[in-house]
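Everything below concerns the one structure shown next.
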Amino acid sequence: NIMAGIIKVNQYQDFNGNTILTSDGSGNLTTQKVNFPAFRLRLSANQSISSSTYTKLALDLEVWDTDNTWDTTNYRFTTPTGAAGKYQFSYKIFYDDLDDGEFGAVRFSKNGTELSETYNQIFSGKSTGNMMLSGTESVSLVAGDYLELFVYHNESSAIDIRESLSFFEGIRIGS
């Protein structure tokens with residue numbers, strides 16, 4: 001025997017406390033955005049990077065930032081309250097004018113600690129060459145966690161990271 005009844009709620013959550021559905025009080029249900037926050041960033045101009053030191057990539061141009069998670073002053077993504085979960089981040093960094101035999105690196109950091117590093121070395125018949133480094137990271141985050149990108153090279157003088165060919169992007173892929 002099945003009993004019929006009415007259950008009134010204004011929010012449904014999964015077992016991890018993530019909101020799945022909400023009601024506006026007028027009977028209209030809205031689903032929560034699973035793939036948000038999401039962002040894509042670029043440099044507004046070439047960034048000069050000193051030799052032999054890790055330098056935070058100054059990504060100051062938001063192509064999009066759905067939830068205002070990118071800090072254009074401190075150049076970091078911070079996980080907002082209510083958006084804990086699994087994220088995927090991708091980057092492509094273009095180095096101008098490294099000499100033959102020299103290398104560049106990109107360091108991906110969470111809360112100030114290195115998670116991974118990508119590096120490459122130039123081997124070119126020319127006196128200088130350009131290099132592109134790219135990577136993808138999947139990371140579990142909780143509210144308040146922050147992520148940053150650092151770049152490095154061992155050219156004898158400062159070189160540029162080219163703004164038109166470099167980016168960093170991220171998206172929440174689940175709880």
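The values are calculated or read from the model by the stated rules, or taken from the named source; none is laboratory data. All figures in this text were calculated on a predicted structure; none of them were measured in a lab. Counting neighbours? That spans all protein chains shown, and the Cβs are built from the backbone with ideal geometry, glycine included.
Conditions tested, residue by residue: (1) touching a Pro at 6+ places or on another chain (Cβ under 7 Å); (2) within 18 Å of residue 136 (Cα to Cα); (3) touching a residue at least 40 places away in the same chain (Cβ under 8 Å).
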| residue | (1), (2), (3) |
| --- | --- |
| 77 | no, yes, yes |
| 81 | no, no, yes |
| 96 | no, no, yes |
| 102 | no, no, yes |
| 107 | no, yes, yes |
| 111 | no, yes, no |
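Is it fair to say residue 142 is surrounded by 13 or more Cβ atoms within 10 Å (Cβ to Cβ) and on the phi < 0 side of the Ramachandran plot?
No; evaluated as a whole, the condition is false for this residue.
Within segment 135-142, is even one residue touching a strand residue (DSSP E or B) at 6+ places or on another chain (Cβ under 7 Å) and over 28 Å from residue 84 (Cα atoms)?
Checked against the condition, which is being touching a strand residue (DSSP E or B) at 6+ places or on another chain (Cβ under 7 Å) and over 28 Å from residue 84 (Cα atoms), segment 135-142 yields no hits at all.
Taking residue 156 and the conditions (1) at pLDDT below 95; (2) closer than 19 Å to residue 44 by Cα; (3) out of contact with any helix residue (DSSP H, G or I) (no Cβ under 8 Å at 6 or more places or on another chain), which numbered condition does it fall short on, given that it satisfies the others?
(2)
Going through 168, 94, 89, 108 one at a time, which residue ends up being surrounded by 15 or more Cβ atoms within 10 Å (Cβ to Cβ), under 13 Å from the mean Cα position of the chain (by Cα) and closer than 16 Å to residue 43 by Cβ?
Details: 94 fails: under 13 Å from the mean Cα position of the chain (by Cα); 89 fails: closer than 16 Å to residue 43 by Cβ; 108 fails: closer than 16 Å to residue 43 by Cβ.
Matching residue, one of 168, 94, 89, 108: 168.
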